[in-house]
Each structure stands twice: as C-alpha cells, then as structure tokens.
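One structure below.
The values are calculated or read from the model by the stated rules, or taken from the named source; none is laboratory data. If you're wondering where the values come from, they're calculated on a predicted model, not measured in any experiment. Cβ: placed from backbone, ideal geometry, glycine included. Neighbour counts: every protein chain shown. Heads up: the accessible areas ignore ligands, DNA and RNA and are worked out on the full protein's heavy atoms, side chains in. Shrake-Rupley method; radii C 1.70, N 1.55, O 1.52, S 1.80 Å.
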There are 2 protein chains.
Amino acid sequence: MFRSPSSLPLRLLRNARSIPKPSTVRSNFYSSSSSSTSASSSPSLRSYGTTILISSTTAVVLTQLWNYRNNMVQCDDGAQTIHTASDREQAYVTPDDSKSIIPSSKDPKYATKEVVEKVVGLLKGKFNDDQVTTNPDELLSHGVSANTYHAAAIPNVVVYAESTEDVSKVMKLANEYRVPVTPFSGGTSLEGHITCPYGGICVDLSRMNNIVELHEEDADAVVQAGCQWEAINEELKERGLNMFFPLDPGPSACIGGMMATGCSGTNAVRYGTAKGEWFLNATVVLPNGEIIKTRQRSRKSSAGYDLTKLFIGAEGTLGIVTEATIRLAPVLPTRVAVCGFPGVEEAVQAVGEVINRGVPMQCVELCDTLMMEAIGKFGNVSMPLPSLDTIFFKFQGSNAESIESNIKIVSEISQKYGGQDLVFAKNDKESDELWQARKSAHWSAMALVEGSTCYSTDVCVPVSNLPKLVKQTKQDLKENGIVGPLLGHVGDGNFHCALIFKADVPGEFEKVDAAAHRMVKRAIELQGTCTGEHGVGIGKREYLPLELGEGTLGVMKQLKDTLDPKGIMNPGKLYPDW
Amino acid sequence: MFRSPSSLPLRLLRNARSIPKPSTVRSNFYSSSSSSTSASSSPSLRSYGTTILISSTTAVVLTQLWNYRNNMVQCDDGAQTIHTASDREQAYVTPDDSKSIIPSSKDPKYATKEVVEKVVGLLKGKFNDDQVTTNPDELLSHGVSANTYHAAAIPNVVVYAESTEDVSKVMKLANEYRVPVTPFSGGTSLEGHITCPYGGICVDLSRMNNIVELHEEDADAVVQAGCQWEAINEELKERGLNMFFPLDPGPSACIGGMMATGCSGTNAVRYGTAKGEWFLNATVVLPNGEIIKTRQRSRKSSAGYDLTKLFIGAEGTLGIVTEATIRLAPVLPTRVAVCGFPGVEEAVQAVGEVINRGVPMQCVELCDTLMMEAIGKFGNVSMPLPSLDTIFFKFQGSNAESIESNIKIVSEISQKYGGQDLVFAKNDKESDELWQARKSAHWSAMALVEGSTCYSTDVCVPVSNLPKLVKQTKQDLKENGIVGPLLGHVGDGNFHCALIFKADVPGEFEKVDAAAHRMVKRAIELQGTCTGEHGVGIGKREYLPLELGEGTLGVMKQLKDTLDPKGIMNPGKLYPDW
C-alpha cells in the first residue's frame, strides 16, 4: 500500500516500495492481527526478530496492578476484568455545550457510553470494515501491554488508519463528541503510553508503514508513523543504500512512538536522540482534526518556532504524528569489543576520557557484573566475556585504518583505569551476536531467576554523577534482596535497571516498584531526570513537579490546554494531575 | 561579576571566573558603552576581533529604509528621525482593564507615552543608576543595527540586566503596564531582531556574560545569555581545557541571540545547529516575569515537552532566556584545504559524496568564483587560492593518522568530480588566515565595489536542489546587473548571497532587495526555507505563510498568544501580521 496525503505537497517516489509488515510485529499482550487468541492461551507473540511469551499469570497481575496504581478510575470488581471508560458514569457534554465548558484536567468531561457507541457507529460508516473493530481481543492488545506493570485499560474501539486523512477524520469526530483518543504505533512503550484510562478511540497507525519518499542525495526519507526503525534500515539495505536511521530504541518501536517518547538508544552517544536533528519535519493531525506540516525538508531552518520539536516528546498529548522526514546517516565500518573494568566508577571514568578525547565511538554500553553473568549464561554469545563491570565498545571510522588508530587510543585509556585488554569480536557473526545479546539483555536477566519477570526502568544523570547513582542503587537493591542487573548508555549518563521479580509471589512487585521509585528520586537529586528515553507515560507522572518545578510544568500544561482544549488527546499520560 | 539566580538550584563553581567583556564588543551602530559617540563621527566599533567602520551615509540610508519597508508605524517626517513608539497615539489600558481585553495582533494595545514615562521612572527606582538609561545614543545603538537595512526604531529605555531576577523585575513591570520589551544580547542579528517598532523597554543582557558553572567531566557549562561564543571558547582555552562550544554564527553573537535565532555556522555540517542538542536547558523569564528552568542538566531527558526547544528559534517572542547549560565538544586536530571545481554543481556533488561516505569533516564551505576573487584580492590570505568555485574543507580526526586517511578519500572524490588537487594550509597561521578570510568574506565582497555596502541574506534548500538555486540566482543577478558573490554552508544546503550595492545611489537598494526576495521565493519552491540560520525577524516575516502554511503558522500564533497574551514580547518580529 502506498499513500500520500493529497492535501500536502508530497512527491511520491516512483520506486518507493511498501515496507512489508511482519506477520505479527508487535510485542504487545496479544497479536493485533484479526485472528484473535484468548486471554488464557499464553499466545506466542513475534516481535521483530524476538519471540516473547506472556503467561496468563502476568495478565492477572497486570489487572491487579490497576488497583494498586490507578486512582483515575475506581475499580471494585475482580482481577479478571480490565476496565473501560464505559464502566463508569461520566458527565455528558453535547457538542453544543462544549464551547461554554473548559474541561478541568482533574475532571475531564468526556462523552458518555451512549455517545461513544454512537461515535463507533459513525466510524464504522466512514471507514472500511477492516479498519474499525470492537473485537475484545483487539481492544485488549491495544490497551494493555506486557511491557509494563502500570495501570491499564482498554479503548472502546480501534481504528486502523491508513492515511493522514483517516486520522484527521477520526480526530474530527472525536473532537466533536469529546471522545478520548490514544495513538498506537509500535506499542512497545515501557511506561504505559498506550493504555486508555478513559476508554475512547485507539488510533492504530501500524498500517501506515511506508517509505513515502527516499532522497538518496539528500540523505533523507519521508516515512509514515507506523514504520519500524529496523524495517526502515532493512529496506535501505535491501535497496543497496549505504545509509541508516541511527535512532535505535527497543525492538519493534515505530516512528510515531519514537517521536512521542523522544527516544534514543545505544547509538545516542554518537548520533544524539530524537530531540536532536533526525526528524526534519512532521505531518501532524491536531486534536481538532486539522493537518499541519511543521517545516520544509531542508536540513536547517530558522523560520519560526521549532514545531517539530514540540511534538517530539509530547507523548501524543498534543496531536498525532502521521508522517515525518527523517535524516539518514552513512553506514560506517565498525568494530566491536568488550573491556572488563574493576568497577563501574573506573569504567565510567574511562568512557568519559574516551569521549572527551573525541574518539569516534558509535556506542559505549555498560553492563554490570551481574548483567554480564546473565548474558554469559543466556545471551547466546560464543566469544569469551569478562565477568566484570564491562563496557561494550562499538568503534566507528571511515575506514579500517582510522578505526585501528582509535582502538589504540581507547586501549591506552582503558588500561589507565584498570581495564583489561579489549576482547574483539572476530567477525560479523560475533559482532552481531554480541550486540544482539546487549540489545536483549533483559531477557537474559529474567533467566537468572526461574519463572521471573522484569520491571524495567530508566533514569539519566550528568555522567559525573553516574557512579554515585549506580553505587547507591546497588546498595539499595542488596539491602532489599532484589536481583537487579544494570545496563546503560553510559556515555550519556543514562541507565536501565532490570528489576527481577516473580509476579505470582505477593509483595514482590511492590518491593521492586518501591526500589524503582527510590532510584528515580535519587536521579533527580543528582541533577538528573526520571526518564532519559522511555518517556513519562503513566509510570513517571508523579515526578514532573519535583524534577521540573510547578512553573515549568505549568507552561507545558498551558501548551496542552491551548492545542487540546477538550483534553481528548491521550488523556491520563504525562501530567501528574490527570 | 558573578551572579546566580537565588531561586534556582544552581551550584556556583568555585573557580569560575567572569569572562572579560571586550571594551566595546558589539558590531552595532554605536558602541553600547556609556561613553557616547555622536551620529556623525563615523565611530570605529570593535567587534570581537574585527573592526567595523560605519559611515554617516549608512545612518541616513538606514533611516530612509524605514519608509521603504515598514508599514507598522506611519512615518512622514525627515530621514534623520528614527521613530519611537511615543511619537504616535496609542490606546491606554490600565492594569485593571487588562483581563477584559485580548489584544489583537494587528492592533496591540500598549501603554501610552505617559505610562511608559511612568514605567521608566519606576525602573529607575528599582535599579542602580548605571542600569537604566534613556541616553539618545544608547537608545539608538540598541534599536538600530548597521547589520541590516530593515525598518528600525529605538526603545524608550534600556535596562542593563545583571541577573535573571533583574530581567524578571523588568518583565513584571512591563506586563503590569503593557509595555513592549525587546531583548538584546550581541545585537548582531541580520534580520532586524533588535529593533523596537513599538518602543518600550530594551533589556540588554550583555552584562550577564559569566560562565556560572563549568563541568569538565560532563563536558558542559552553565553560561549567561550575554556570553559571546568566541569568548566562551577563549575562556575554555585559557583554562587549559581541550573543549569548545561548536556553534559558530557571526562574530560577537551571544548565547541569548544564538538561541533566539536557532543559529548555526560553519561547524553545523559536523555538529548540527542550535536546534540540536547543544543547549541542554534554559533559564527563561516568561512575559509575566515568572522564572522557569526548562530541564535538568543530564544529557538526555524524556520528561515532558521539550521546552528548551520552544525557546530556541522563538526570537524572543515567548520570553527572555537568561542562562543556559551548553554542551561542549572536544577540540580535535584539524587540517584545512581548498579545492577548486569546474562549477558549483560539481562542487556540491563532491561534497554530497564526501558526507554520505561518512568522512568526518568539521566544515565544508563553498565560495563561488566571484567570492574567491574578492577573497584573493582583499582577504589577506598568503597561500595560493583557486580562481574557481571552491570548497574550503576543514578535516577533523582524533589524530593525524585518521586525518591523513580521510584526506585520501576526499582527494579521490574531488578528482572524480573534476576538482583540482587540494591545496593545504601549511601551518596554523595559514589555516587561521584562510578561515578568517572565509568568516569575513562579506567584507572582501564589499571591497569589490568601492564605496559599496552589502545586503546579506540566507536561504536553505535540500542539498540536491542547491545547484539549481545557485544557477537561477546567478542568472538573476547577471540579468539585473548586481554584483552578488555567494558563499555557503554547502554541506547543509544553506547559502548566503552578499548583494553589493551603493547606498547613496537611488534605486540600488530596491534592486538588490527585490533580488533577495526573488531568491527567497525560489528557495521555498525548492522545498527550502526563507532562512537557514539568521531567523525571521522583520526581514522574512512575509514568507512564513508561503513556507509553512496558515495552519502551521496558526499553531505558532496560538503558542504566542498563550504564553504572551498581552503581546509585549518583542512585538513586530516573526509574525507577518504584526
């Protein structure tokens, strides 16, 4: 399928091909394909290149957690029920009344169940049969994610958008009838972004997965919001282009969600984040259904406010990004090595010196001793790995000579801080194995404790404060008997803690949850942030006043109220007072 | 002087020193120092490292242009008068009335002359004697710039802020009495950002020129808005740190203006622009006087909207940035060379291939044949220069070996496109000479025509469209008999045309002005922007609807009206309907 919004001056690339969608591509609770699976059958879900098994126990835990964490909707029935907005009484505001009512963020006035039902009927009239669904399994797979333990609720209806105009049509209806809208692209969020605490419409963008234009000379591409970053890179490779899109968050993440969360990944130390200059412009459907394009395609522009950036990191609370122009970087030769250090502090110091010397590193990743143990046992890596706090280096250069000369520099610096000799991957196979093991480290971490699951969290501090935060965190975990291997984008001061727990043991979730919150508070005290790359979603809302101050948060809220006066865009996320 | 806002959690660096302010640092019309000079004495103004001479003829021309270009304030008297807001009748709104009035962008209701006089008195009561001035020469030097030929008007009063609290005090008064406020830092804008079409208060930030904190390990620094980028880099060098701040717009530009315009410079091809990730956070005084800090100091954060970016490129229309945390990059070894090509197209193709191969280039600058002639004659460069369309390469690497290997690649690529052999600067002196000649190329351009001056403009298009735009522009200039040498940040598709004219020859200004506008329209047609790095100011306002569309501009206006409901922040800039 190959679509372009007719109202925008987009040139269709003659040779552009659709990126094939893997049969089931989401690492969600259930497959989002129409062949439904029941809640009790432990469905196998293929993410892009990874198989994820979700147990029915997890489903129960997820539902229980609704009660633990969510004060938004009162739930008083059994753990097997996931709540929808239609379960509760809501004030009804007719479209005619809407001008006279300014919705309070604490008491949003959304459409009643009856009105939502009417809107579902109207949606069915406006779209093809296969674009609108109220199938319970599909509602579940869109509102509830196996990636998080936050409160979760399902939408009333899912609309599979196939174009920017489709999204606009949905938003116009939603705006008219005050129905909440939650956008969904990859569904891989770790902070509950996709859940629908007020029910309403889920706009699924996964069918908008085309490269619309590709400009080799300009090293940019116009892509739809449902494109997965790996799929884009695969497509570029298949076309024989020596370019890639360097933002590399979790597997299966899509452009829409990547922009929404202000993502980054292992390449950020070299290429920066989604908040840098990788997104040249965005096509956005505003909460009233209006379509805008934030900027032209030139690499630079100083013409007016940076609206592209306004929507990057806005978590779908200001509008829905349907398309973006992305910049591409040349694929460069790399070499991959690991280096064990006596401790995290030494490793961080070595990395700081490597970076401040300007050695071109594509990635600099830390795994602590415990994570190395997990990877060693379960990571499927054939090369020998240190059983120490270890840095994974990905060297980059325009040719083998420049890489060699950089390796010399890094070896010297590492030795200065007590690092072992660098162990290099001998070939592409070993490199891929090693990087794959790093990318899926939390699966190895889970394997450390049989029958466990993993609570993943993300903080970021100034690099110089990282050793202190890691030390405090390790001490905390030890004192509380929590298995919590660490890994991090250490060059940026960003790290993740994989808190391992058994979902079916009472009290275990609360214990790791409390530890995660203590870690966040410590990060903020150390001039850091509650989230370096995962976004706020539901999980980190409470920390924004502490981290940013009420004044800064107030400005954000002003922007929200201006662009989304009815509060229909992804309600319940990002702001602490929803 | 060394200040930090007491209400913000800023740690004062014990060893931090004030950056010394050069005796007269602005390339403005007159020195902003209190020792005033008269309008007719052709004062010599030292910018940072460059001497600029301004003739009294230029002063007359500037004033005449007020009539050509400005419909905002009706002017009907002689060319020697620069208008202030107090010359015209304005509606007076008391603070008590303000809630009931939403100011129209086309008819802003500002304080009357009498109220402004009252506010000036109040300011004098709140600040030290040397912080508030109504000296006519100082008003002139703050409202009128020798860098532009746009409409210009002076403020009623200049306040030299020495802290964020000072700025807040001014904004609170201005907000209460509806007095327009125009921020001023380096005063080097080329698009009339500093002028005061509605009079009011100019907040001069040049005394806020301290490095407040310097974190070597984190490679960042907290700096005040009045810091010049060259001064920051000099200071880092003096302290023996191997780091620099890579945004390099025109000489003497300061952090405040650099953020306001979303600046970049010759290093952008390697380091990106002000809209990238060089500003980690900003301390901002909002139009109501409230002080916010947009983010913590960690390198990455996904905690809420990217408010730092909201103020970058906002041209002072949403608030005044008083302080920012900047990231620093390691200083790397470089080598500088020039390479002549048969034409602009071949040069651009070669550069495209160099960049897409991932060769680490710090700068890739184009000067066309005419500009090379100017530099050859007047640029004070001792090494031999090609008399062709020429690329200036600045190679970068972590050591001499990696630079050498990259030079080989670039030589091969250049030859493929008909480029001559690279001519290298033999030593630091030659490198500095060459780069200095590139940086001050427009002075050489002016020397091509005796008694001339230069109208500088800036557009940016996708790189692949650059040769077409250059060809069309050269043809246009030829047909209209305009001397217009070109130079550009060709790796980004951004270029400047130095349109040479004699200010005292009737019709010459109109001719180059019309050519500049045709060039802008062509750039927008080629998917480009009316400004790549100079900002909109007064000069490019009319192009925003064409470039962005009314919907996108409407969102910008909504943000403006939300954060600055009284329209007091830098009125007349950026929006076409002011």
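Please specify each residue of region B:370-413 satisfying the condition of being within 16 Å of B:GLY352 (Cα to Cα), buried (at least 22 other Cβ atoms within 10 Å of the Cβ) and among the hydroxyl-bearing types (Ser, Thr, Tyr). Even if it seems obvious, please write down each step before you answer.
Filtering region B:370-413 down to residues within 16 Å of B:GLY352 (Cα to Cα) leaves B:389-395, B:406-407, B:409-413.
Add one more test, that the residue is buried (at least 22 other Cβ atoms within 10 Å of the Cβ), and what stays is B:389-395, B:406, B:410.
Of everything in region B:370-413, just one residue is within 16 Å of B:GLY352 (Cα to Cα), buried (at least 22 other Cβ atoms within 10 Å of the Cβ) and among the hydroxyl-bearing types (Ser, Thr, Tyr), namely B:THR390.
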message: Quick check on A:GLU216: is it buried (at least 24 other Cβ atoms within 10 Å of the Cβ), out of contact with any helix residue (DSSP H, G or I) (no Cβ under 6 Å at 6 or more places or on another chain) and charged (D, E, K, R)?
response: no
- request: Could you name every one of the helices (runs of 4 or more DSSP H) located completely within region A:465-557 that has at least 1 residues being touching a Pro at 6+ places or on another chain (Cβ under 7 Å) and open to solvent by 10 Å² or more (accessible area, probe 1.4 Å)?
  value: A:544-548
- prompt: If you take the residues in region A:556-578 that are touching a helix residue (DSSP H, G or I) at 6+ places or on another chain (Cβ under 6 Å) and either among the aromatic types (Phe, Trp, Tyr) or facing chain B (nearest Cβ under 10 Å) (or both), which one is farthest from B:ASP306 (Cα to Cα)?
  reply: A:THR562
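Got a sec? Which of B:GLU401, B:GLU412 is at pLDDT 95 or above and assigned to a helix (DSSP H, G or I)? So that I can check it myself, show each step before the final result.
Values: B:GLU401 fails: at pLDDT 95 or above.
Just one listed residue meets the conditions, B:GLU412.
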statement: Of the conditions (1) in contact with a Lys or Arg (Cβ under 8 Å, 6 or more places away or on another chain); (2) assigned to a loop (DSSP other than H, G, I, E, B); (3) surrounded by fewer than 24 Cβ atoms within 10 Å (Cβ to Cβ); (4) within 14 Å of another protein chain (Cβ to nearest Cβ), the single one that A:ARG207 does not satisfy is (4)
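Could you check region A:562-578 and list, in sequence order, the residues that are in contact (Cβ under 8 Å) with a residue 24 or more places away in the chain and open to solvent by 20 Å² or more (accessible area, probe 1.4 Å)? Please lay out each step first, then the result.
Taking region A:562-578 first, the residues in contact (Cβ under 8 Å) with a residue 24 or more places away in the chain are A:563-578.
Matches in region A:562-578: A:PRO565, A:LYS566, A:PRO576, A:ASP577, A:TRP578.
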query: All but one of (1) open to solvent by 40 Å² or more (accessible area, probe 1.4 Å); (2) within 23 Å of B:GLY265 (Cα to Cα) hold for B:ARG438; which doesn't?
result: (1)
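Does any residue of region B:356-367 turn out to be farther than 19 Å from B:ALA425 by Cα and in a helix (DSSP H, G or I)?
Narrowing region B:356-367 to residues farther than 19 Å from B:ALA425 by Cα: B:356-359.
Cutting the leftovers down to in a helix (DSSP H, G or I) gives us B:356.
The answer is yes; a qualifying residue exists.
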- prompt: What is the number of the single condition among (1) buried (at least 24 other Cβ atoms within 10 Å of the Cβ); (2) within 18 Å of A:ASP564 (Cβ to Cβ); (3) modelled with pLDDT of 95 or more that A:SER168 does not meet?
  reply: (1)
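How many residues does region A:231-248 contain that are out of contact with any Pro (no Cβ under 7 Å at 6 or more places or on another chain) and open to solvent by 20 Å² or more (accessible area, probe 1.4 Å)?
8
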message: Checking A:VAL459 against (1) assigned to a strand (DSSP E or B); (2) away from chain B (no Cβ under 11 Å), only one condition comes out false. Which one?
response: (2)
task: Scan region B:403-422 for residues that are free of Cβ contacts under 8 Å to residues at least 24 places away in the same chain, under 23 Å from B:ASN267 (Cβ atoms) and polar (S, T, N, Q) and report the count.
output: 2
- prompt: Can you spot a residue in region B:130-141 that is modelled with pLDDT under 90, in contact with a Ser or Thr (Cβ under 8 Å, 6 or more places away or on another chain), surrounded by 24 or more Cβ atoms within 10 Å (Cβ to Cβ) and of a type outside the set (D, E, K, R)?
  reply: no
query: Being open to solvent by 10 Å² or more (accessible area, probe 1.4 Å), of a type in the set (A, V, I, L, M, F, W, C) and within 25 Å of B:GLU525 (Cβ to Cβ), is that true of even one residue in region A:291-309?
result: yes
query: Do any residues in region B:480-497 that are within 14 Å of another protein chain (Cβ to nearest Cβ) and over 15 Å from B:ASP389 (Cβ atoms) have Cβ atoms under 6 Å from those of residues that are charged (D, E, K, R) and open to solvent by 10 Å² or more (accessible area, probe 1.4 Å), where the two are at least six apart or on different chains, and which pairs are they?
result: B:ASP492/A:ARG299; B:GLY493/A:ARG299
- prompt: So which residues in region A:455-464 are in contact with a Cys (Cβ under 8 Å, 6 or more places away or on another chain) and open to solvent by 10 Å² or more (accessible area, probe 1.4 Å)?
  reply: A:SER456
query: Of all residues in region B:410-454, which are within 13 Å of chain A (Cβ to nearest Cβ) and among the aliphatic types (A, V, I, L, M)?
result: B:VAL410, B:ILE413
- prompt: Can you tell which of B:ILE407, B:ILE391 is within 14 Å of chain A (Cβ to nearest Cβ) and of a type in the set (A, V, I, L, M)?
  reply: B:ILE407
message: Quick check on region A:271-278. Is at least one of its residues under 21 Å from A:LYS540 (Cα atoms) and among the basic types (Lys, Arg)?
response: yes
field: Near pairs, Cβ below 8 angstrom, 6+ apart or cross-chain, from region A:366-390 (within 16 Å of A:ALA447 (Cα to Cα)) to any residue that is of a type in the set (Phe, Trp, Tyr) and open to solvent by 10 Å² or more (accessible area, probe 1.4 Å)
entry: A:PHE378/A:TRP443
query: Is region B:338-348 home to any residue that is at pLDDT below 95, at the interface with chain A (Cβ under 10 Å from one of its Cβ atoms) and either surrounded by fewer than 21 Cβ atoms within 10 Å (Cβ to Cβ) or over 24 Å from the mean Cα position of the chain (by Cα) (or both)?
result: yes
message: I'd like to check something: does region B:441-454 contain any residue that is surrounded by fewer than 20 Cβ atoms within 10 Å (Cβ to Cβ), modelled with pLDDT under 95, of a type in the set (Asp, Glu) and within 23 Å of B:LEU247 (Cα to Cα)?
response: no
Pick from region B:418-435, criterion under 34 Å from the mean Cα position of the chain (by Cα) and in a loop (DSSP other than H, G, I, E, B), ranking: farthest from A:VAL359 (Cα to Cα): B:GLY419
field: Meets criteria (modelled with pLDDT under 95 and either touching a Leu at 6+ places or on another chain (Cβ under 6 Å) or open to solvent by 10 Å² or more (accessible area, probe 1.4 Å) (or both)) for A:GLY256
entry: no
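So which residues in region A:276-307 are of a type in the set (Ser, Thr, Tyr), farther than 21 Å from B:GLY265 by Cα and facing chain B (nearest Cβ under 10 Å), if there are any at all?
Taking region A:276-307 and keeping what is of a type in the set (Ser, Thr, Tyr), we get A:283, A:294, A:298, A:301-302, A:305.
With farther than 21 Å from B:GLY265 by Cα added as a condition, the list becomes A:283, A:294.
Passing the criteria: only A:THR294.
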message: Of all residues being within 14 Å of chain A (Cβ to nearest Cβ) and under 14 Å from B:VAL321 (Cα atoms) in region B:217-266, which is farthest from the chain's Cα centre (by Cα)? Just the residue, please.
response: B:VAL222
